[in-house]
Amino acid sequence: MPHWLSYTSYSLYFDGADMTEDDTEFLLAIAAYQKRHARRYPTMLELLHIARCLGYRKVADAVPINQPMPPASEKSETRKSKSESETEEPV
């Protein structure tokens, strides 16, 4: 079995690693947690704890998991309202 030199198996500097500063901060926080607590595979609850410690909070209403479609944009709603008003008969 190979000996692991670190708790993380990812690198920030490989080809195709186009990460934002937030992505990098999150990955480094996970690496620090793994090293501090000697946890190679943190649980989902531990990942949520790390995210909360970084300041992440829920800012939008929840969307049911069985409906992954994005919410309708305002443009499509205004198109519907215009088309509905055009079909109405003048009084």
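Computed from phi, the 3J(HN,Hα) profile of the range 25-42 under the Karplus parametrisation 6.51, -1.76, 1.60 (θ = phi - 60°) reads 4, 5, 5, 5, 5, 5, 4, 5, 4, 4, 5, 5, 9, 6, 10, 5, 10, x Hz, with x in place of Gly and Pro. Among 58, 35, the order by Cβ neighbours within 10 angstrom, fewest to most, reads 58, 35.
None of the figures in this text is laboratory data; all of them are computed from the coordinates on show. Predicted, not measured: the structure shown is a model, and the values here were computed from it. Cβ: placed from backbone, ideal geometry, glycine included. Neighbour counts: every protein chain shown.
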